Amino acid sequence: MIPLAIPNISGNEAAYLLECIQTNFVSSIGPFVTRLQQLTTEATAAESCVAVSSGTAGLHTALMAVGVGPGDLVLLPSFTFIASANAVSHCNATPWFVDIAKDSWCMNPDELTMLLRKETQRDGETLVHITNGQRVAAIMPVYTLGTPADMDPIIQVAKEFNLPIIADAAAALGARYKGRNLAELADLSVFSFNGNKTVTAGGGGAIVGNNLSILGKAHHLTTTARVGDGYEHDAIGYNYRMTNLQAAVGCAQIERLDNFVAIKRRIRARYDEAFKMIPGIQLFPQPIWAESACWFSGLVLEDPSLPSAKELCAELFRREIGSRAFWKPMHLQLPYLDAQRSSLTITESIWDKIVTLPCSTGLTDEEQERVIKTLESILT
């Protein structure tokens with residue numbers, strides 16, 4: 001079986017884990033946590049970083065740190081992994097789903113601007129939704145497949161309406177936008193170190209940004225809102241700390257970030273070259289403004305005469321090749337059927353046609369060639 005996406009544990013992971021055991025730093029305090037935060041700060045040109053127990057925990061914390069609370073609305077794409085919407089719900093706030101742009105699969109800035117200008121108004125200092133009166137509290141673009149959204153117009157409209165931006169950059173470590181680093185693009189950006197990400201810690205995540213005050217609040221919330229060395233707490237906090245064991249693996253991984261991202265981009269380019277002439281197939285988007293981290297690679301089954309995404313994945317599995325259909329949109333998920341939404345034309349037109357293909361950084365040329373030849377035999 002050629003797996004879809006598995007970690008590349010071939011660097012200093014074992015040595016660093018042994019160091020944790022030998023020094024007895026295995027929990028949420030230890031030098032590797034500090035080092036991981038430093039490495040992530042450097043990789044994103046941020047002022048600082050807060051390591052957390054998961055990407056979801058990072059999103060929840062980031063939203064709370066900028067003031068999102070009960071009854072608020074947060075604008076985000078419906079086309080995302082459910083963690084994005086769940087982080088909003090963990091704040092007792094409500095998702096407001098926005099469509100994506102066809103050329104990026106990320107939040108459509110024109111749609112976002114239209115919604116804010118037509119469906120919100122000022123009530124004193126508060127921006128509220130005209131129909132339901134809920135406060136509009138934040139914008140959450142999602143960097144789909146590790147590709148930054150078109151952030152300049154999103155930043156512009158965020159400034160127009162005085163809204164913070166929390167970027168769900170879960171799979172985008174190593175990406176850039178118009179030559180700029182990710183920390184420049186949002187008030188806070190959140191990464192995931194889950195097992196299928198380009199850089200993994202087995203789990204965990206990180207929050208980065210340039211506002212040290214907001215990051216300080218985020219750190220405080222993730223460490224049970226503890227004050228000083230005693231058992232004094234000044235808010236309802238969370239135990240969202242990353243362990244030194246996780247951070248040890250993460251450090252060994254992020255040391256090879258540039259190499260991993262380069263491999264991911266080569267894998268994407270090879271698939272694109274192989275599939276570009278197959279009738280009825282569309283490639284994953286590559287917007288001109290982005291240097292994508294190319295988290296996943298694959299194809300889009302546009303022609304209805306071709307197998308469906310589920311049928312193709314089943315056939316590939318039968319031939320011992322890992323693949324998977326992609327995200328089912330949030331507005332079609334049971335917890336969010338009644339959530340606020342815009343027209344979701346692009347989201348609904350593509351989500352069930354996407355197939356992701358093997359793209360581990362350890363994928364060999366021979367394995368990728370086998371994937372390509374197998375798909376050509378099925379689709380042509």
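Bear in mind these aren't lab numbers, they're just calculated from the coordinates by the rules spelled out. Just so we're clear, the structure is a prediction, and the values are computed from it rather than from any experiment. Heads up, the Cβs are rebuilt from the backbone with ideal geometry, glycines too, and the neighbour counts pull from every protein chain shown.
Scale the Cα Rg of the chain by the rule-of-thumb value 2.2 N^0.38 Å and send over the ratio, two decimals.
0.99
When the helix-only estimate is applied to the chain (DSSP H runs of n ≥ 4, each -39,500 (n - 2.57), divided by the residue count), what is the mean residue ellipticity at 222 nm, nearest 500 deg cm²/dmol?
Calculated mean residue ellipticity at 222 nm is -11000 deg cm²/dmol.
Find the Cα radius of gyration of the range 84-200, compare it with 2.2 N^0.38 Å by division, and give the number to two decimals.
Taking the Cα Rg and dividing by 2.2 N^0.38 Å, one obtains 1.08.
Suppose the chain between residue 45 and residue 352 were pulled fully straight at 0.36 nm per residue; how much longer would it get relative to their current alpha carbon spacing?
So the extension gain works out to 106.9 nm.
So how long is each side of the range 257-379 along the principal axes, counting just the alpha-carbon atoms, biggest first, in Å?
For the range 257-379, the Cα spread along each principal axis is 47, 35, 26 Å.
Over the range 257-379, what relative contact order in percent results from Cα pairs under 8 Å that are six or more residues apart?
With pairs under 8 Å counted, the relative contact order is 29 percent.
Take the eigenvalues of the Cα gyration tensor for the range 1-136, scale each by 5, and report the square roots as semi-axes in whole Å, largest first.
38, 20, 13
If amide H atoms are built 1.01 Å from N in the plane of the peptide, which residues on other chains or at least 5 residues away come under 5 Å of the amide H of residue 26?
Sorted by chain and number, the residues that satisfy this come to none at all.
Among 144, 41, 223, which one moves the most in a GNM of the chain with springs linking Cα atoms closer than 10 Å?
The residue with the greatest mean-square fluctuation here is 223.
Determine, for each peptide in 280-291, 152-163, 130-141, the mean count of other beta carbons within 10 angstrom over its residues, then list the peptides with the highest first.
130-141, 280-291, 152-163
Per-residue counts of other Cβ atoms within 10 Å, averaged by peptide: what ranking do you get for 246-255, 206-215, highest first?
246-255, 206-215
Quick one: what Rg and Dmax do you get for the range 202-242 from the alpha carbons, in Å?
11.2, 32
With label points built 7 Å along Cα→Cβ from the Cα atoms of residue 223 and residue 18, find their separation and express it in nm.
It is 3.1 nm.
Hey, which lysines would be in cross-link range of residue 310, C-alpha to C-alpha under 25 Å, not counting anything within fewer than 8 residues on its own chain?
102, 197, 264, 276, 328, 353, 373
Would you mind computing the Rg to Rh ratio of the range 195-282 from its alpha-carbon coordinates, Kirkwood style for Rh?
Rg divided by Rh gives 1.22.
If the chain between residue 125 and residue 369 were fully stretched, how many nm would it gain, using 0.36 nm times the residue separation less the Cα-Cα distance?
Residue separation times 0.36 nm, minus the Cα-Cα distance, leaves 82.0 nm.
Work out the FRET efficiency for residue 308 and residue 89 from their Cβ-Cβ distance, taking R0 = 30 Å, and round it to the nearest 0.05.
Efficiency, from the Cβ-Cβ distance: 0.45.
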